[in-house]
Amino acid sequence: MQEQENALHARILRKESVAYKEAFELFMGPIISTVIRARRCTPEEARDAAIDVLMDYLEAPERFDPDRGSLLSYLTQSAKNTLTDWYRATLRRVLREEKFGVLFELLGRSPKDSLEDAVEARRIVDRIEKSDLGVLDRAVLAHILLGERSTQRLGAVLGLSHLPTLDVRREVKRHRDRIIKWLQRFGREVVSVNS
């Protein structure tokens, strides 16, 4: 496999267009399956990350150093990092939006109460990050917790904007119901751990 990867990499460096197609055929499946297992994400999230990583590689193949490991390992690690970056970016954006609303609430509270709430919130966020909830589901959960009820907006987060309205409604409801059930189980676990 290593020899096959190195030969393919050399052809990609020479910009052989057929090699680009072969790279997708050779790497998409293994990257997607590994990323799903490692990041507990949806197949769609893993596929999107794999496509992004392969496109980035094909645009600048010289960044890969064959002496440091296999091309598959390099691409798979890049896809896992991409998913983590997407999740963190979504979380930062949601937290940034949330800060404005929370700021006014915190102004009237004592510093001790605010600090305790911040510590508890951080613990819960850490538990969610370590949970089995996928990256996309975490983004939807963040919007739900911020009170987002718009089917169109949640559909956009889920990448469903291209579907007919009725299908978007059905899929958003299915995802929302599943995430709410997950959140209820998660809440019971947090309460039992803290008791």
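The values are calculated or read from the model by the stated rules, or taken from the named source; none is laboratory data. Computed from a predicted structure; not experimentally measured. Here the Cβ is made from the backbone with ideal geometry for all residues, glycine too, and neighbour counts use every protein chain on show. Accessible surface is based on the protein model in full, side chains and every heavy atom, while ligands, DNA and RNA are left aside. Shrake-Rupley method; radii C 1.70, N 1.55, O 1.52, S 1.80 Å.
Per-structure values
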| quantity | calculated |
| --- | --- |
| Residue count, segment 145-160 (criterion: open to solvent by 30 Å² or more (accessible area, probe 1.4 Å) and either in a helix (DSSP H, G or I) or under 20 Å from residue 41 (Cα atoms) (or both)) | 7 |
| Enumeration of residues in segment 127-144 that are open to solvent by less than 50 Å² (accessible area, probe 1.4 Å) and free of Cβ contacts under 8 Å to residues at least 40 places away in the same chain | 140, 144 |
| Residue selected from segment 22-59 under the condition among the β-branched types (Val, Ile, Thr) and more than 16 Å from residue 5 (Cβ to Cβ), by the criterion least open to solvent (accessible area, probe 1.4 Å) | 35 |
| Filter result for residue 190 (over 17 Å from residue 134 (Cα atoms), at pLDDT below 85, open to solvent by less than 50 Å² (accessible area, probe 1.4 Å) and over 18 Å from the mean Cα position of the chain (by Cα)) | yes |
| Long-range neighbours under 8 Å by Cβ, at least six apart or interchain, first residue without any contact (Cβ under 8 Å) to a residue 12 or more places away in the chain within segment 159-171, second assigned to a helix (DSSP H, G or I) | 161/152; 161/155; 161/168; 163/155; 163/171 |
| Candidates 114, 131, 110, filtered to the one that is at pLDDT 75 or above and hydroxyl-bearing (Ser, Thr, Tyr) | 131 |
| Odd one out for residue 146 among (1) touching an Asp or Glu at 6+ places or on another chain (Cβ under 9 Å); (2) at pLDDT 80 or above; (3) farther than 17 Å from residue 186 by Cα | (2) |
